[in-house]
1. With a/c under 1.5 counting as rounded, go ahead and sort the stretch 84-155 into rounded, prolate or oblate using the C-alpha gyration tensor (a ≥ b ≥ c being the square roots of the eigenvalues; past the cut-off, prolate if a/b is larger than b/c, else oblate).
2. Take the Cα gyration tensor of the stretch 22-94, multiply each eigenvalue by 5, square-root it, and list the three semi-axes largest first, rounded to whole angstrom.
3. Over the stretch 20-83, what is the relative contact order in percent, taking alpha-carbon pairs closer than 8 angstrom and at least six residues apart?
4. Given 0.36 nm per residue, what is the gain on full extension from residue 96 to residue 148 after removing their alpha carbon distance, in nm?
């Protein structure tokens, strides 16, 4: 009997290259007959007809999704930057994040003031922000608040 070596696990660099290769190979899955009729959108739908050539996987018809197109387990669900994506709404959410493996995406409904606070704390902790919109500085918000209080005081 031959002594077979077990395959060594892939390194992170190899995995990223492998996933890039797989993404290049993976086709855009089209809905059956979407190229023929304007009323049928290209969004994927499973072919269900009894005589469907696409369901039968006849040569010359577009491919259907199957397990072979899946990405490697280690890279599955990761952001293209290589970080795991965490949704953040408040400053307190930043305390549970691991800056080595996770990056944050600030919620779209988060206002300017809180966004500035989140960005400042993320920068201090070394956390990668996936959507760092340029926000005003905290000082600008404080100046506005002082001006508004002065205007209210003069109006009385």
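Computed from the coordinates by the stated procedures, all read-outs in this text should not be read as laboratory data. It should be emphasised that the depicted structure is a prediction, and the values quoted were computed from it without experimental measurement.
1. Details: a/c = 3.18, a/b = 2.86, b/c = 1.11.
Prolate.
2. Values: eigenvalues 251, 55, 22 Å².
In descending order, the three semi-axes are 35, 17, 11 Å.
3. Numbers: 44 pairs, mean separation 16.2, N = 64.
In percent, rounded to a whole number, it is 25.
4. Working: separation 52, 0.36 × 52 = 18.72 nm, distance 3.57 nm.
Between residue 96 and residue 148, full extension yields an extra 15.2 nm.
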